[in-house]
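Here's the structure, in structure tokens; my notes come after.
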Amino acid sequence: MSPGNGIFIYRLNESFLYPNANHYIELLVEQIFRETKPGKRNPYGSLGEQPWNLKTSRHPERNQQKDDSRPCLHALILDFTGVAHLDITGLQNLVDVRRQLDRYANKKVNWHFAGLSNPWLKRALVSVGFGSSEEGHTVFSVANIHDHIDCGENDNAVVLVPILDINRPLFHADLDEAYEAAITSLPAKETAAIFNNSNA
């Protein structure tokens, strides 16, 4: 699903393993390339520098529109609630696609993960560099914990505790939190366009 602002939400309904990883990634990349515009018009200086397996025209400047209304790729949210297992091939596919999409967007694309219930999945993703961000952590879920310690006037004090580790700002408890975090990290002019379109 793409809300139309360069943020894509993709749900995996089963484990991300060797037999199905390439299929999922292929569909994801095709949809992103179809619905977003590249960060640079021609990332390769000449036809000779272009990779042999890249599907493009021999004259890309003729095919590209100057006023392309598609958004630039900003973030990708992967819903891992249905993922029980992740093998090394699936993990390597994610790393390769991250590199490919960063090159396509001509910037670092944020990868948000929602619904990581297995701590080993988190560990594997952290080991290859997912989950952290250079930007500050602005959105995270908290839980109310009632503290039954005598506080003087109030018998019950409320303590707010983060649900997930705040050192990994791109791992989220649910899709709502992941989407809010992706929206808050949009550049200011793109955020204004989203709110103007929703008011119309």
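No lab work stands behind these numbers, since they all come straight from the coordinates. Being a predicted model, the structure only gives us computed values, none of them experimental. Here Cβ is always computed from backbone atoms with ideal geometry, including for glycine, and neighbour counts include all displayed protein chains.
Worth a mention:
- The stretch between LYS40 and ASP96, if pulled fully straight at 0.36 nm per residue, gains 18.2 nm over its current Cα-Cα span.
- The slack in the chain from THR89 to THR184, taken as 0.36 nm per residue of separation less the alpha-carbon distance, amounts to 31.0 nm.
- Protection proxy ranking, peptides 29-41, 5-17, average beta carbon neighbours within 10 Å, highest first: 5-17, 29-41
- Inter-label distance, nm, simple model (7 Å from Cα along the C-beta direction), SER133/ASN118: 2.6
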